[in-house]
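Inspection log for the structure reproduced underneath, given as structure tokens.
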Amino acid sequence: MIPSSDGTLIVIVASKDGLTIASDSRQTLGDGIYCDGAEKILTPSRPDRFLIAVTGRRGFYPMAINAHIHDICAYVASTPRELDIGEIARAFVEETTPDVDLRKLDVKELARRCNDALISYFATHPYWSPAISGQGFSSSVVIASYDPATSQAFVRTIEISSSVDLRQLLINDKLNEAFGLDDIAEPILCGEGDYLRSHVLPTIKDQRVSQTTIDQVGNFPRVIFPKVRDASTDNSISLAGDLVASASRMTAKIPAASGIGGPTAVWRIGNDQRPSKLKG
């Protein structure tokens, strides 16, 4: 049994005074084996008002995980990954202190660091190499920031994946989004967004959700989102948290292919210098 980190749902919702980032907390360890309560949001020590998340495969644990380990969840909670894409991204942000405007982010340098680390790891741990294991690799780094001086929020993602023949890594600058006060506060879905759209949103009115969520997505696929200037903090927290929590509950009826679930974590970046964890 080899722990992996596949399966994550991140929902990001802008408001007039910041960003709400919600995530599930299930860490899939194998077929039908998982641990809940995993922290999927990373907070760099600097700059202020930055958050990082990773969807897909975040990294690799030591191979020394055998049947003699009785509490696998305690093991992964106390054992660092040998390679951790999230920590690579956090170190990059802390060392380079990028501009809050993530449209200026040096994506090539971040991609190079991730790519070099993966190539080096696969060279010394060939059993994890996609070409040898036969398993594709896919990981997306999500970086979010907020500038209170301009009331602008930014979200940037890069995707790292193996080629069809599993012999090389491909880098895709996938998302480069900015929210100003006059933009529409449409949620950004990262990771298991297809699961949410296919299995959760069509029946969202039957879920235990807030009136805010029903007002905005209750008639899916017809949706109504306010402008950012009209989106309150409480509403963004309700919408982001409801969508992730509803998806997690739905997996009990319709399992997600890569495993999402567990308690919902909710974070905010806004006028306060440091990110705040509101739930989870």
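Structure values in brief
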quantity: Reachable lysines, given that their alpha-carbon falls under 17 Å from the alpha-carbon of LYS104 and they are not under 8 places away in the same chain; calculated: LYS174
quantity: Among LEU201, SER139, CYS190 the positive-end extreme of the charge dipole of the chain (Cβ point charges); calculated: LEU201
quantity: Extension gain, ASP106 back to SER78 (0.36 nm per residue minus Cα-Cα distance, nm); calculated: 6.8 nm
quantity: Answer label for Rg and Dmax of the Cα atoms in Å (calculated), chosen among [x] 27.6, 112; [y] 18.5, 57; [z] 21.6, 79; calculated: [y]
quantity: Computed helical MRE - 222 nm, the chain, DSSP H runs ≥ 4 contributing -39500 (n - 2.57), nearest 500; calculated: -7000 deg cm²/dmol
quantity: Degrees, to the nearest 10: 85-96 long Cα axis against longest axis of the chain; calculated: 70 degrees
quantity: Percent RCO, i.e. relative contact order, over the range 9-269, from Cα pairs under 8 Å lying at least 6 residues apart; calculated: 30 percent
quantity: Between 0 and 90°, nearest 10: helix 107-124 axis offset from the chain longest Cα axis; calculated: 30 degrees
quantity: Rounded tilt (10° steps) of 233-250 against the dominant C-alpha axis of the chain; calculated: 40 degrees
quantity: Inter-probe distance in nm under a simple model that places probes 7 Å from Cα toward Cβ, at GLN273 and SER133; calculated: 4.0 nm
quantity: Cβ-placed point charges (K, R +1; D, E -1), dipole of the chain about Cα centre in debye, nearest 20; calculated: 260 debye
quantity: Sparsely packed trypsin sites (Lys or Arg not before Pro) within the range 128-203, loop by DSSP, other Cβ within 10 Å at most 15; calculated: ARG167
quantity: Top positive-direction residue, dipole computed over the range 1-145 with Cβ charges, set LEU102, ALA91, ILE119; calculated: LEU102
quantity: Spatial separation of Cα centroids for the range 138-164 and the range 211-264, in angstrom; calculated: 20 Å
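Values in this text are rule-based calculations from the coordinates and carry no lab data. Because the structure is predicted, anything quoted here is derived from the model rather than measured. We place every Cβ from the backbone using ideal geometry, glycine too, and count neighbours over all the protein chains shown.
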